[in-house]
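Worksheet for the structure shown next.
The values are calculated or read from the model by the stated rules, or taken from the named source; none is laboratory data. Since we're looking at a predicted model, the values are computed, not measured. Quick reminder, even Gly has a Cβ in these numbers, built from the backbone with ideal geometry, and neighbours come from all protein chains shown. For accessibility, only protein heavy atoms count, side chains too; no ligands or nucleic acids. Shrake-Rupley method; radii C 1.70, N 1.55, O 1.52, S 1.80 Å.
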Amino acid sequence: MRERVVVALGGNAILQRGQRGTAAEQMGNVQKTAREVAKMIQAGYQVILTHGNGPQVGTILIQNELGARQVPAMPMDVCGAESQGFIGYLFCQALANCFQRKKIPIPKPVCIVTQVRVDRTDPAFQNPTKPVGPFFSEEEARRRMKERNETWIEDAGRGWRRVVPSPDPKEIIEKEAVRALVEQGFVVVASGGGGIPVVTAEDGGLEGVEAVIDKDLAAERLARDVNADLLLILTDVPQVLIHYRQPGEKAVGTIRADELEAYHLEGHFKSGSMGPKVEATLRFVRNGGKRAVIASLDQALEALEGSRGTQVLP
Ligand code: ADP
Ligand code: MG
């Protein structure tokens with residue numbers, strides 16, 4: 001039986017620090033990432049991909065702001081969907097080209113625009129924490145807070161920025177479709193940017209909300225929903241560190257969930273970055289996953305095979 005793995009790609013898989021974000025730059029990075037993914041497929045793994053969208057959705061939000069004098073600005077859920085299409089397209093094309101060159105006989109990769117259900121009663125809706133979109137002056141930020149009922153905060157001297165809730169992912173709405181395509185051998189890109197957050201409306205239908213779901217927590221939800229054996233979270237550092245950027249800093253190799261959770265409770269992992277990755281690995285192995293790994297993108301296959309990265313066991 002081939003092992004099934006959900007691979008969560010970090011921001012560096014699409015855009016490198018210091019790059020401007022041109023289409024050519026992003027396609028170049030995605031092509032490099034696609035080669036790492038192809039290695040895993042050639043090694044015999046069944047891969048489902050998910051990815052972040054921070055810089056891309058940030059750009060779309062700026063484009064909407066600046067274009068609003070001529071065309072209506074779109075709400076966040078629509079911007080999230082746009083970013084999934086944008087990034088999904090880059091990955092599908094890069095992967096297909098890479099498979100063709102390496103003569104890997106698998107069906108063309110496919111991207112699913114993915115909605116993720118969150119609870120309306122999630123406490124995150126009372127406490128928005130996730131910064132999104134452009135920076136503005138204090139005056140403009142205050143005007144938006146009053147007129148649009150948005151929350152804006154001062155961001156470390158760089159200006160004012162909108163913050164939105166980051167609720168917990170409860171269900172991948174398109175999970176049956178993802179599963180069916182995976183069973184048929186397709187490489188599926190799903191739940192990009194953590195998925196489009198939706199809630200159940202009064203009439204039982206779905207509606208989009210102004211929020212952002214953490215992509216690592218959504219990756220874990222996806223992994224469970226498609227019965228993955230493994231969860232591989234790829235980022236820009238080779239391992240999880242304890243005493244991060246402090247005296248006694250130390251890399252974590254293989255670790256059991258209980259031990260990792262103890263470090264998590266001691267506050268070793270930052271909330272906007274490593275915290276959710278650690279949380280995702282804990283959830284995954286506690287819900288029946290065999291193993292979850294946090295590693296750097298350029299060591300993806302070695303990490304999957306157990307010799308690199310931080311290996312989290314049940
Ligand atoms: P991604 O786009 O891959 O999700 P993030 O920036 O969200 O990337 O998370 C990765 C970053 O987390 C690393 O670059 C590192 O600076 C930071 N980080 C915070 N705490 C830790 C820790 N305890 N160990 C390792 N990295 C950490
Ligand atoms: Mg992150």
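Annotation note: of VAL30, VAL57, the sole residue that is under 17 Å from VAL132 (Cα atoms) and open to solvent by less than 20 Å² (accessible area, probe 1.4 Å) is VAL57.
For the stretch 1-10, a residue qualifies if it is open to solvent by less than 50 Å² (accessible area, probe 1.4 Å) and either over 15 Å from ALA300 (Cα atoms) or assigned to a loop (DSSP other than H, G, I, E, B) (or both), and exactly one does: GLY10.
A residue that is within 20 Å of ILE112 (Cα to Cα), assigned to a helix (DSSP H, G or I) and open to solvent by less than 10 Å² (accessible area, probe 1.4 Å) occurs nowhere in the stretch 67-78. Any idea which of GLY88, GLY52 is touching a His at 6+ places or on another chain (Cβ under 9 Å) and closer than 18 Å to GLY11 by Cβ? Only one candidate passes the filter, namely GLY88.
Scanning the stretch 21-28 for any residue that is closer than 26 Å to GLY185 by Cβ and either modelled with pLDDT of 95 or more or within 16 Å of ligand 1 (Cβ to nearest atom) (or both) turns up at least one such residue.
A single entry from GLY85, GLY28, GLY21 fulfils the requirement of being touching a helix residue (DSSP H, G or I) at 6+ places or on another chain (Cβ under 9 Å) and assigned to a helix (DSSP H, G or I): GLY85.
Collect the residues in the stretch 128-150 that are closer than 25 Å to ARG221 by Cβ and touching a Ser or Thr at 6+ places or on another chain (Cβ under 9 Å), keeping them in residue-number order. Those that are closer than 25 Å to ARG221 by Cβ and touching a Ser or Thr at 6+ places or on another chain (Cβ under 9 Å): PRO128, THR129, LYS130. Can you tell me which residue in the stretch 200-211 is least open to solvent (accessible area, probe 1.4 Å), limited to those that are touching a Pro at 6+ places or on another chain (Cβ under 9 Å) and among the hydrophobic types (A, V, I, L, M, F, W, C)? Restricting to residues being touching a Pro at 6+ places or on another chain (Cβ under 9 Å) and among the hydrophobic types (A, V, I, L, M, F, W, C), the top hit is ALA211. Taken together, the residues in the stretch 287-309 that are away from ligand 1 (no atom under 15 Å from the Cβ) and either within 15 Å of the chain's Cα centre (by Cα) or within 12 Å of LEU231 (Cβ to Cβ) (or both) amount to 6. For the stretch 187-227, how many residues meet the condition of being closer than 30 Å to ILE41 by Cβ and of a type in the set (D, E, K, R)? Residues meeting the conditions: 7.
Considering the stretch 234-268, the residues that are within 24 Å of MET40 (Cα to Cα) and near ligand 1 (Cβ under 10 Å from one of its atoms) include one that is surrounded by the most Cβ atoms within 10 Å (Cβ to Cβ), namely VAL240.
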